[in-house]
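**Q** Okay, handing you the structure first.
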């Protein structure tokens, strides 16, 4: 504690010492000799041990020699946050936001599920580019022979499988012209028949995996790997 004059300090010091609290006085002699320096040096200081600090403060407050420390007033924001009505509104708002998010996510999931394309739609409405085939553990790249000059541009694919809704299918050639045949989807199996050339290679029943980007057709010794032309460059 700090006092402007030694007389003020003496009262407090006497009270604390009567309660068994040792005190230490600083700058008392300077202030007594030169009163005008009291304000400049911050007055006379009274110190107690840190272990006795809370007890000393309590004694002085109870005896009226020191004012009780006021708790800092809450700001308007703090008062608003601590307001039960405000807290209820925040909880309701958070609950509403979570509920709306769940409803929107569920609606989007159901919409996508109900509007997802069927396998037949994926087969017939996508441009399936044949990347390569694996036959008896050997990899082959299709190359279609044509009487016309073929310009292969980035973003285009000449080696495509065309699944037509009429049931016709068109394969790329393997150092040969394009290959024609028929196809149908039966019990989750693609059945290829009536192939005009390379029937020993392509005329089979294929299990398949398909999504928006890839098509993989697999039989006992032949696997055809295709990609959706539109997804290859994104």
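**Q** Figure the gain on full extension for residue 136 and residue 81 (residue separation times 0.36 nm, minus the Cα-Cα span) and round it to one decimal in nm.
**A** 12.6 nm
**Q** Now for a separate question. Rounded, prolate or oblate, given the Cα gyration tensor of the range 119-231, with a/c below 1.5 counting as rounded?
**A** rounded
**Q** Right, another one. For a quick check: sort 158, 114, 97, 46 by the number of other beta carbons within 10 angstrom, fewest at the front.
**A** 114, 97, 158, 46
**Q** Using only Cα atoms, locate the centre of the range 158-173 and the centre of the range 181-204, then give the distance between them in Å, rounded to an integer.
**A** If we compute the Cα centre of each part, the gap is 11 Å.
**Q** Before anything else, pin down the relative contact order of the range 119-231: Cα pairs under 8 Å, at least 6 apart, normalised by residue count, whole percent.
**A** 28
Every number in this text was worked out from the coordinates using simple rules, so none of it is lab data. Nothing here was measured: the structure is a model prediction, and the numbers come from that model. Every residue, glycine among them, receives a Cβ derived from its backbone with ideal geometry; neighbour counts consider all protein chains shown.
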